[in-house]
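Some notes on the structure that comes next.
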Amino acid sequence: MSLFYNFAIVLSIAAMAMATEFASQLRKCRVDDNVQLNSCLQQTLEDLRPYLKTGIRELNLPPLEPMHIQRIVFSQGDTGVKVESVFSQVKVTGLSNFTTRFINADPERQQLTVGLSVPRLYVAGDYNLHGNIILLPISGSGTFWADFMGVEATGTSQMNIMTNPAGVQQLRVSQTNVDFTIANMKIHLNNLFNGDKILEETMNVFLNDHGREILQDVKPEVTVRLNELVQKVMNDALSQLPVSAFLITN
């Protein structure tokens, strides 16, 4: 057991060395001036933009263009929408075209809030679902696409400094809370009702005509899944990056 523990430490040190080498290219932000800290973090995010499209191997960050999500299990049981669904092989494009509306870091409360805008997100993949939407039964299995325009997102997380087994301080994200609005959306599900084209077209028209009401019903569950995804991606990246590589804390 001791051998495996030491081996894990060696691996973490090696990964940290690669991440530190990458981080040496980033600007360092002071935490003792909130205005400068927020500006510096926003500039750092802009500096990272070219790397985000293809991913950052040193930080375990997958490519954002496109972003691949293997599987999302979705269960909604509210009055308006009651569905059980699984989305798989999901591909998201357009995420790397984000603009940063603001970054607000609060070192005393150890809290970070980020506001992003994305002009357009296109999502496609496979689905399997059954249930009811506003009293209408729905079932199907096949491919789908969704086009979201004018996406505004605000996310808040708690940031805590942890010490890893190698004795290096790192940031750890918890209590992530993402809220979002969508100006316009279009969605299409293929092969609804076992391929009945008339029922399929009728349901797709209904989904688009009542998209805002449906979104409000499913938003709490979507937010839970989004929070899990964002927090995992952030922690995967930060687990490879020493605090000292991008923050000046004294």
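The values are calculated or read from the model by the stated rules, or taken from the named source; none is laboratory data. It should be emphasised that the depicted structure is a prediction, and the values quoted were computed from it without experimental measurement. Every residue, glycine as well, gets a Cβ built from its backbone with ideal geometry; the counts of neighbours run over all protein chains shown. To get the accessible areas, we keep the full protein, side chains included, count just its heavy atoms, and leave off ligands, DNA and RNA. Shrake-Rupley method; radii C 1.70, N 1.55, O 1.52, S 1.80 Å.
Got a number for residues in segment 178-219 being small (Gly, Ala, Ser) and under 22 Å from LEU121 (Cβ atoms)?
Count: 2.
Note on segment 144-187: residues that are over 30 Å from ASN204 (Cα atoms) and part of a strand (DSSP E or B) total 18. Annotation note: Cβ proximity below 6 Å between a residue of segment 179-199 that is touching a residue at least 12 places away in the same chain (Cβ under 8 Å) and a residue that is aliphatic (A, V, I, L, M) and in a strand (DSSP E or B) (sequence gap 6+ or interchain) occurs for PHE180/ALA153; ILE182/VAL151; ALA183/MET149; ASN184/MET149; ILE187/ALA146. Taking the listed residues VAL86, VAL118, VAL73, VAL114, the one that is closer than 22 Å to HIS188 by Cα, touching a strand residue (DSSP E or B) at 6+ places or on another chain (Cβ under 8 Å) and buried (at least 16 other Cβ atoms within 10 Å of the Cβ) is VAL118, with no other qualifying.
Close contacts from segment 147-171, counting a first residue that is closer than 16 Å to PHE98 by Cα and a second that is of a type in the set (Phe, Trp, Tyr) and in a strand (DSSP E or B), with Cβ to Cβ under 9 Å and a gap of 6+ residues or different chains, come to ASP147/TYR122; PHE148/TYR122; VAL151/PHE180; GLU152/PHE180; ALA153/PHE180; THR154/PHE102; THR154/PHE180; GLY155/PHE180.
So how many residues does segment 49-81 have that are in a helix (DSSP H, G or I), touching a helix residue (DSSP H, G or I) at 6+ places or on another chain (Cβ under 6 Å) and either more than 17 Å from PHE98 (Cα to Cα) or modelled with pLDDT of 80 or more (or both)?
Keep residues of segment 49-81 that are in a helix (DSSP H, G or I), which gives 49-54, 57-59.
Now narrow it down to the ones that are touching a helix residue (DSSP H, G or I) at 6+ places or on another chain (Cβ under 6 Å): 52-53, 58-59.
Right, trim to either more than 17 Å from PHE98 (Cα to Cα) or modelled with pLDDT of 80 or more (or both) and you get 53, 58-59.
Going through segment 49-81 one residue at a time, the tally reaches 3.
Scanning segment 24-36 turns up no residue that is touching a Phe, Trp or Tyr at 6+ places or on another chain (Cβ under 9 Å), open to solvent by less than 50 Å² (accessible area, probe 1.4 Å), part of a helix (DSSP H, G or I) and modelled with pLDDT of 80 or more. Inspection of segment 193-216 finds no residue satisfying the criterion of being assigned to a strand (DSSP E or B), out of contact with any Leu (no Cβ under 6 Å at 6 or more places or on another chain), acidic (Asp, Glu) and farther than 22 Å from GLN70 by Cα.
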